[in-house]
Each structure stands twice: as C-alpha cells, then as structure tokens.
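Participant: Take a look at the following structure, please.
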Amino acid sequence: MEFMKTNIIQATLLTLCCIVFFCGVYTAVVWGIAQFSSNNGKGEIINYRISNGTLKYGFVNVGQSFTANKYFWSRPSAANYNAAGSTGSNKGPSNPDYLKQVKATIDTFLVHNPSVKKSDIPVEMVTASGSGLDPHISPKAAMIQVARIAKVRNISEEDLKLLVNNHIEKPLLGMFGPERINVLKLNIALDEMKSTLICSKKN
C-alpha cells in the first residue's frame, strides 16, 4: 500500500511538471522565437491580383491549388490544400487505390503536357507530401511545365526558363535540403511578367 501511494504521488508530480513545462514554458519559448520570424509566426502572406484583376491573398508557406494551363502547377494535396486538415494520403505504395490515384494524376499531367515523357515526370508532381501543404516543387518540376505555359501565354520558353531560374531557393546554409521553388511566388511573377510584356508591346 505504501509502495502504491509513493508511485501515485510521483506520477502526479510528474504529470503536473509536464503540464507546466509543455503547456506553459515550452509554448512560451516557441511563441517567443516565432516573434522574430515572418509575420510574427503567423505565416508570410502575399497580396496579389489574378488575371481578371481580382485581389487575392495567399500564404507563402502553404500550398495553393493551380490547375489552369497558364500557371505552374503545385504538388498534389491529399488535404486539398486545407491547412486546417493537414494530412498525407496514409496509403502505402502497394495500395491499389493509391496506385490508381497516382496513375490518374500521371495521365492528367500527360494530357496537359503532351511533350513530356512519362518517365521524365518528377515524383512530386504526382504524389502528395506528408502534410498535403507543401508550397514548393523542384526546379525540374517547374521546367517540365515551361512548354505548356509558353504555348498558352505566347511567351518564349527561354524567358520562362529564366524566370524559373530566378526563383530557385537554395538549400538552407547551402547544405540543408534540396533546391526548390515556391509555386505561389513563381506564378505571381509569371502574371507580372505577362503584364510587363504587354505594356512593352503597347509602347
């Protein structure tokens, strides 16, 4: 009985310490560090206008849905790009439903990018990330979409490739992670690029 009483007291004290640390101290430290990050830890927000002039905003660190041929497409999302429901597909590579879904995504990509070979499609263009919110794609995934966008927007592929190269984000400290491109930032620059070209032709 005495042994049980001692254990209960120790367990209760440990629980209280964990509550104070993880709900109070840890939370306060994370919140404090976040105040030095972009938008005080609430995420970087960009305001932009789409082609019809409508003002929109998007979170740079959350994936956005782009399906029109005139834009660079984002990585597929199992959460439909909803930050409130962040999730992966939770299906393994041998799951028949998952394989069917990936095949459908590949077929759709090939229909919209007829000049691309199936073997050349980067894996992130047909599979969702673990969070379903990845805002980035690889430079290769962007480059492989250049031909489609150039044809739709009547812009030279060379100009689009230069735009892509200018938006490549280098690995953290030059060694952590791969090179990547933020799709939202790239598409905003793409719309601005089109507007600049139109103004240049008028002048």
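Participant: When you scan region 93-104, do you find a residue that is basic (Lys, Arg), assigned to a helix (DSSP H, G or I), over 23 Å from residue 64 (Cα atoms) and free of Cβ contacts under 8 Å to residues at least 12 places away in the same chain, even just one?
Facilitator: From region 93-104, those basic (Lys, Arg) are 100, 103; that's our starting set.
Next cut, assigned to a helix (DSSP H, G or I) only: 100, 103.
From the residues that got through so far, the ones that are over 23 Å from residue 64 (Cα atoms) too are 100.
Narrowing the set further to residues that are free of Cβ contacts under 8 Å to residues at least 12 places away in the same chain leaves 100.
Yes, that holds for at least one residue.
Participant: Please find, within region 61-76, the residue that is modelled with the lowest pLDDT out of those that are more than 8 Å from the chain's Cα centre (by Cα) and more than 12 Å from residue 188 (Cα to Cα).
Facilitator: The qualifying residue modelled with the lowest pLDDT is 65.
Participant: Can you go through 89, 119, 77 and tell me which one is of a type in the set (Ser, Thr, Tyr), surrounded by fewer than 14 Cβ atoms within 10 Å (Cβ to Cβ), assigned by TED's automatic domain parsing to the domain that holds residue 188 and out of contact with any Ser or Thr (no Cβ under 6 Å at 6 or more places or on another chain)? Lay out the reasoning, then the answer.
Facilitator: Details: 89 fails: surrounded by fewer than 14 Cβ atoms within 10 Å (Cβ to Cβ); 77 fails: surrounded by fewer than 14 Cβ atoms within 10 Å (Cβ to Cβ).
Residue meeting the stated conditions: 119.
Participant: Taking the criterion of being in the same structural domain as residue 87 (by TED's automatic domain parsing), surrounded by fewer than 18 Cβ atoms within 10 Å (Cβ to Cβ) and within 22 Å of residue 77 (Cβ to Cβ), would at least one residue in region 150-158 satisfy it?
Facilitator: The answer is no; no qualifying residue exists.
Participant: In this structure, is residue 149 among the aliphatic types (A, V, I, L, M), assigned to a strand (DSSP E or B) and in contact (Cβ under 8 Å) with a residue 40 or more places away in the chain? Spell out the reasoning first.
Facilitator: Details: among the aliphatic types (A, V, I, L, M): yes; assigned to a strand (DSSP E or B): no; in contact (Cβ under 8 Å) with a residue 40 or more places away in the chain: yes.
Here the answer is no, as residue 149 does not meet what is asked.
Participant: Quick one: is residue 129 farther than 21 Å from residue 69 by Cα, buried (at least 16 other Cβ atoms within 10 Å of the Cβ), of a type outside the set (Phe, Trp, Tyr) and out of contact with any Leu (no Cβ under 7 Å at 6 or more places or on another chain)?
Facilitator: Numbers: farther than 21 Å from residue 69 by Cα: yes; buried (at least 16 other Cβ atoms within 10 Å of the Cβ): yes; of a type outside the set (Phe, Trp, Tyr): yes; out of contact with any Leu (no Cβ under 7 Å at 6 or more places or on another chain): yes.
Here the answer is yes, as residue 129 does meet what is asked.
The values are calculated or read from the model by the stated rules, or taken from the named source; none is laboratory data. Quantities reported herein were computed from a predicted structural model and do not represent experimental measurements. All Cβ positions, glycine included, derive from the backbone under ideal geometry; neighbour counts span all protein chains shown.
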